[in-house]
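Before any comments, here is the structure.
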Amino acid sequence: QRLRAAVHYTVGCLCQEVEEDKDVQFSKQSIAAISEITFRQCEIFAKDLEMFARHAKRTTVTIEDVKLLARRSSSLLKYITQKSEELASSNMEQKEKKKKKSSVAKGERTPGEQEAAVTENEDSNM
């Protein structure tokens with residue numbers, strides 16, 4: 001019920017924005033109908049995503065499942081692909097930062113520091 005109410009509220013807000021931009025009016029009945037259709041479509045999407053994951057013998061829905069769901073809308077598929085690539089690169093950057101922090105905390109040297117230490121040792125041996 002709370003989820004359905006949240007969808008109804010969001011649809012109402014979006015309809016208000018459209019009203020302001022396009023100078024049109026939405027009746028309460030039309031907002032309720034759009035909300036109900038949206039909620040039902042989300043239920044269908046959720047079941048489809050679950051089936052895609054199950055078919056692949058997984059228990060987790062992945063971005064590939066979402067892309068498969070969006071395959072009929074080229075603009076939506078393009079948007080989802082772009083966002084997933086952005087998330088992937090952001091996650092890689094965060095992993096690299098964590099890796100550097102953990103190696104510094106452990107007293108390990110980064111590759112650049114290791115090269116500098118090797119150069120120092122070679123210089124002192126001469």
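All of the numbers you see were taken from the coordinates with simple rules; none came from a lab. What you are looking at is a predicted structure, and each value in this text was computed from that prediction instead of being measured. Counting neighbours? That spans all protein chains shown, and the Cβs are built from the backbone with ideal geometry, glycine included.
Worth a mention:
- Every residue from the stretch 74-92 that is closer than 14 Å to residue 62 by Cβ and of a type in the set (A, V, I, L, M, F, W, C): 80, 87, 88
- Scanning the stretch 8-63 for residues that are of a type in the set (Asp, Glu) and touching a helix residue (DSSP H, G or I) at 6+ places or on another chain (Cβ under 8 Å) yields a single hit, 48.
- Enumeration of residues in the stretch 40-71 that are over 26 Å from residue 6 (Cβ atoms) and among the charged types (D, E, K, R): 54, 57, 58, 64, 71
- Of the residues 97, 83, 57, the single one that is loosely packed, with under 11 Cβ neighbours inside 10 Å, assigned to a helix (DSSP H, G or I), without any contact (Cβ under 8 Å) to a residue 12 or more places away in the chain and among the charged types (D, E, K, R) is 97.
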